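The values are calculated or read from the model by the stated rules, or taken from the named source; none is laboratory data. Here the structure is a predicted model, which means the values were calculated and not measured. Here the Cβ is made from the backbone with ideal geometry for all residues, glycine too, and neighbour counts use every protein chain on show.
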């Protein structure tokens, strides 16, 4: 019977799919998780049973890309369906810079709220520079009825954080670990919202972004991968605590992902127990690639993210910085146990979810989002179209355009530097710029045309605060 249902379902036009999938939305975004950081994505050590089960009950994507290699622009693209440079969120947002996602942007939360959804953001925001500023739009101004969480990263660590807010009010130090705090707050909100109202919950986890701290019992599960005493490195310090800067091995990082997995699992279990699972579309993704053991900053010590062998890391536009895990699941309505090779980015979620849930995109602005659901639901052939990334990077290779399997990297002055055929060279080892000059010229022209289109966007902010420095968050 289920096979017959799926055959019928996959043949439905997208509009009818939207009608049949009128549902709640749980959007889970985790912070700095690498492509190879889950067991279901090939990690040989990390235990992530709940997310692995989510993948088994849904569609696991092997060619999903974050819209940026840093968190703020990536999240801006997810919520608006617009290239980050259109929104003015070009890089991560440091504190007190006056950079924020402007009121003029229309978010996923606003679109769903207009459809009668109860909306909540629990966890990381990082789309303004101050959570207590009356001059900068807050989550409550961007379509979220309820907010509980932090901005850039938790302080002093993810244990007993002292920088959490509830709506517009700064809270006293919270007792516990952010993974558990956010999971419990999510369940509490789901329990207290109007029972007959559909919901959109954006659960934005702090993990595995540094600074990392875990319950001792979880650290103990990976003790063989840790050397020496575990002494967390707190964030917000003016100078490196040299006595603490010791490479202790990946055990703490592994434990942090397992603890995050358990917290997410408790929310999924609640949906099952409340008989909401079949009514809830669940989307899981990482906001950008990981901090690997190729550390750049002192506060990255003891982060050991895995790119699954892909080149690069967070803050760089090689594959390891932008290709990340993503899963979608709704048992009984979406196919289960499917692995999709569809190539798409975080920018595409706005249109894709619109097709699945049933809301219209704004018509008064440039939208870069595409509904890709037909490619992985009905196995339609994916047409080749340009995909674009832009970010101020430490190596000044700031732009990428990909069309089909060909990926062109350009420098900060928009000059082509490297061309890779990802079909035959997924590790980006063989530069084809000189051997394929016509392809290089064609992609360069398309890149420059896209940049010109972005610069001409009437909604793009043009203040001196649009750009942010090249430091990593």
Legend entry - Where residue 467 falls short, out of the listed (1) at pLDDT below 95; (2) within 30 Å of residue 299 (Cα to Cα); (3) surrounded by 14 or more Cβ atoms within 10 Å (Cβ to Cβ): (3)
Inset, instruction - Run residue 438 past the list (1) within 26 Å of residue 289 (Cα to Cα); (2) modelled with pLDDT of 95 or more and report the number of the one that doesn't hold. - result: (1)
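Could you tell me which of the residues 317, 271 is within 27 Å of residue 412 (Cα to Cα) and in contact with a strand residue (DSSP E or B) (Cβ under 7 Å, 6 or more places away or on another chain)?
Result of the check over 317, 271: 317.
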Inset, instruction - Filter the strands (runs of 3 or more DSSP E) completely within the stretch 367-455 down to those with at least 3 residues that are without any contact (Cβ under 8 Å) to a residue 40 or more places away in the chain. - result: 406-410, 416-421
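Is it true that some residue in the stretch 175-190 is touching a strand residue (DSSP E or B) at 6+ places or on another chain (Cβ under 6 Å), touching a residue at least 40 places away in the same chain (Cβ under 8 Å) and either surrounded by fewer than 15 Cβ atoms within 10 Å (Cβ to Cβ) or in a strand (DSSP E or B) (or both)? Don't jump to the end; show me each part of the working.
Of the stretch 175-190, the ones touching a strand residue (DSSP E or B) at 6+ places or on another chain (Cβ under 6 Å) are 177, 182, 185-186, 189.
From what's left, touching a residue at least 40 places away in the same chain (Cβ under 8 Å): 177, 182, 185-186, 189.
Restricting the remaining residues to those that are either surrounded by fewer than 15 Cβ atoms within 10 Å (Cβ to Cβ) or in a strand (DSSP E or B) (or both) gives 177.
Yes, the stretch 175-190 contains at least one residue that is touching a strand residue (DSSP E or B) at 6+ places or on another chain (Cβ under 6 Å), touching a residue at least 40 places away in the same chain (Cβ under 8 Å) and either surrounded by fewer than 15 Cβ atoms within 10 Å (Cβ to Cβ) or in a strand (DSSP E or B) (or both).
Condition (residue is in a loop (DSSP other than H, G, I, E, B), in the same structural domain as residue 164 (by TED's automatic domain parsing) and free of Cβ contacts under 8 Å to residues at least 24 places away in the same chain) applied to the stretch 194-201: is it met by at least one residue?
At the first step, the residues of the stretch 194-201 found to be in a loop (DSSP other than H, G, I, E, B) are 194-198.
Checking the rest, the ones that are also in the same structural domain as residue 164 (by TED's automatic domain parsing) come to 194-198.
Of the ones still in play, those that are also free of Cβ contacts under 8 Å to residues at least 24 places away in the same chain are 195-196.
Scanning the stretch 194-201 turns up at least one residue that is in a loop (DSSP other than H, G, I, E, B), in the same structural domain as residue 164 (by TED's automatic domain parsing) and free of Cβ contacts under 8 Å to residues at least 24 places away in the same chain.
For the stretch 58-103, which positions are closer than 20 Å to residue 373 by Cβ and either assigned to a loop (DSSP other than H, G, I, E, B) or out of contact with any strand residue (DSSP E or B) (no Cβ under 6 Å at 6 or more places or on another chain) (or both)? Walk me through how you get there before you give the answer.
Taking the stretch 58-103 and keeping what is closer than 20 Å to residue 373 by Cβ, we get 58-67, 77-82.
Residues satisfying the conditions are 58, 62, 63, 66, 67, 77, 78, 79, 80, 81, 82.
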Inset, instruction - Would you mind telling me which numbered condition in (1) in a helix (DSSP H, G or I); (2) farther than 20 Å from residue 81 by Cβ residue 111 fails? - result: (2)
Inset, instruction - Would you check if residue 224 is more than 24 Å from residue 68 (Cβ to Cβ), over 18 Å from the mean Cα position of the chain (by Cα), in contact (Cβ under 8 Å) with a residue 40 or more places away in the chain and outside any loop (DSSP other than H, G, I, E, B)? - result: no
Legend entry - Yes/no for residue 363 being under 26 Å from the mean Cα position of the chain (by Cα), loosely packed, with under 13 Cβ neighbours inside 10 Å, closer than 28 Å to residue 72 by Cα and in the same structural domain as residue 296 (by TED's automatic domain parsing): yes
Inset, instruction - Being in a loop (DSSP other than H, G, I, E, B) and in contact with a helix residue (DSSP H, G or I) (Cβ under 7 Å, 6 or more places away or on another chain) is the filter; apply it to the stretch 146-174 and report the residue that is nearest to residue 121 (Cα to Cα). - result: 167
